[in-house]
Amino acid sequence: MYRFLLTRQWVILTLIALVLIPTMIELGFWQLHRHEHRVAQNAQISKALDAKPVPAERLTSPGHAVSHDERYRRVSAKGTYDTEHEVVVRRRTNSDEEIGFHVLTPFVLDDGKVLLVNRGWIPANGPQTVFPKVPPAPKGELTVTGRLMADETSAKSGIKDLQGLPDRQIMLISSGQQAHSLGKQVLGGYIELTSPEPASGTPQPIGEPEHGDIGPHMAYAVQWWLFCAGVPIGWVILVRREVRDRAAAAAESTPEATPATV
């Protein structure tokens, strides 16, 4: 009755089912791992943002690579802005997805070291080949607070075109590059400024990183596993239907017995 399972059509169908089952299981676990990563990442960001600010030099130093656990930590520093060596970072967007610049200003600490401060976003207010109009930074000594960020690299950003840029424009924020340009000791990484906020509202402060939404990855994991469970169920249904259809066809093809004559 089940010899049809050895036909080419059914062998191929069975092999496809056997391949789909582990594939869907693996895809489900992949989505589960993405869910767990997102949950852990959100927890790490929340913890960093909720922590009290610490002096920047407690977490970073010249040549230091900001670690995953140090990222988004709130730090503070006392010093003065060096607007003469201010640069802008090209191709940056605000919350409305408008393209403009980030304003990166060196902040000279009391001990002479430099902390790079991303003061926020400004629109592209002129030709891309010239330095844009930048709202002035506060003068005099002050204390700044911001979120510590790691240096940007071409490997992580995917940006490769770093040459031939207009004067005082950069594509990536790199403390090492700025240390070479300034000829000073620059603390590793940079900060996204949170305080003091600009009186004029510009540059626009950079918003907090998203850390509330966990995404649909868990739902996708469950979905893949349900699909996986459906494969053998569907295979059994098809087999039973085939058996029923073959039995019906055999019954129709069998001639009815005629009564014997006396």
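The values are calculated or read from the model by the stated rules, or taken from the named source; none is laboratory data. None of the values given here were measured: they were computed from a predicted structure. With ideal geometry, Cβ positions are generated from the backbone for all residues, glycine too; neighbour counts draw on all protein chains shown. Calculation scope for accessible area: heavy atoms of the full protein, side chains included, ligands and nucleic acids excluded. Shrake-Rupley method; radii C 1.70, N 1.55, O 1.52, S 1.80 Å.
Taking every DSSP beta bridge that has both ends in the chain, the antiparallel portion is near 80%. Are there DSSP H segments in the chain that both extend 18 Å or more along their axis (alpha-carbon positions) and score a mean Kyte-Doolittle hydropathy of at least -0.5? List them, or say none. Length and hydropathy pass: 8-50, 217-253.
How long are the semi-axes of the equivalent ellipsoid of region 204-254, taking √(5λ) for every eigenvalue λ of the Cα gyration tensor, in whole Å from largest down? The partial results should precede the final answer.
Numbers: eigenvalues 585, 15, 4 Å².
Working from the Cα gyration tensor, I get semi-axes of 54, 9, 4 Å.
Accessible area per residue for region 1-127, computed on protein heavy atoms with a 1.4 Å probe, is 57 Å².
The modelled label-to-label distance for the pair V243/S61, using points 7 Å beyond Cα in the direction of Cβ, is 7.5 nm. In percent, rounded to a whole number, the relative contact order of the chain is 26, using alpha-carbon pairs under 8 Å and six or more apart. The mean of 1/r over all pairs of different alpha-carbon atoms in the chain, once inverted, gives a Kirkwood hydrodynamic radius of 23.4 Å.
Per the Cα gyration tensor, region 41-91 maps to an equivalent ellipsoid with semi-axes of 24, 15, 12 Å, ordered largest to smallest. Here the calculated FRET efficiency for T145 and I21, from their Cβ-Cβ distance with R0 = 41 Å, stands at 0.15, rounded to the nearest 0.05. Only lysine pairs 8 or more places apart or on separate chains count here, and in the chain those with Cα atoms under 29 Å apart total 21. Stokes-Einstein diffusion for region 103-142, with the hydrodynamic radius set to the Kirkwood value over Cα pairs and evaluated at 25 °C in a medium of 0.890 mPa s, equals 205 µm²/s. Which log10 I(q)/I(0) values, to two decimals, does region 171-262 give at q = 0.12, 0.13, 0.15, 0.23 Å⁻¹ under the Debye formula with one point per Cα? Once normalised to I(0) and log-transformed, intensities are -0.78, -0.83, -0.92, -1.17. Relative to the 2.2 N^0.38 Å rule of thumb, region 23-143 has a C-alpha radius of gyration ratio of 1.40.
For the chain, give the percent of accessible area contributed by carbon and sulfur heavy atoms, probe 1.4 Å, rounded to a whole number.
On the way: 9190 of 16090 Å².
Carbon and sulfur: 57 percent of the exposed surface of the chain.
Highest mean packing first, where packing is the average number of other Cβ atoms within 10 Å per residue, the peptides 186-198, 129-141, 243-255 line up as 186-198, 129-141, 243-255.
What whole-number value in Å² describes the accessible area per residue of region 196-251 for a 1.4 Å probe? Don't jump to the answer; show the numbers that get you there.
Details: 3760 Å² over 56 residues.
I get 67 Å² per residue for this part.
Over its Cα atoms, what ratio of radius of gyration to 2.2 N^0.38 Å does region 8-55 give? Kindly include the intermediate steps, with their values, before the conclusion.
Working: Rg = 21.2 Å, N = 48, 2.2 N^0.38 = 9.6 Å.
Scaled against compact globular proteins, the figure is 2.21.
When only Cα pairs below 8 angstrom with a gap of at least 6 residues are kept, region 47-196 shows a relative contact order of 31 percent.
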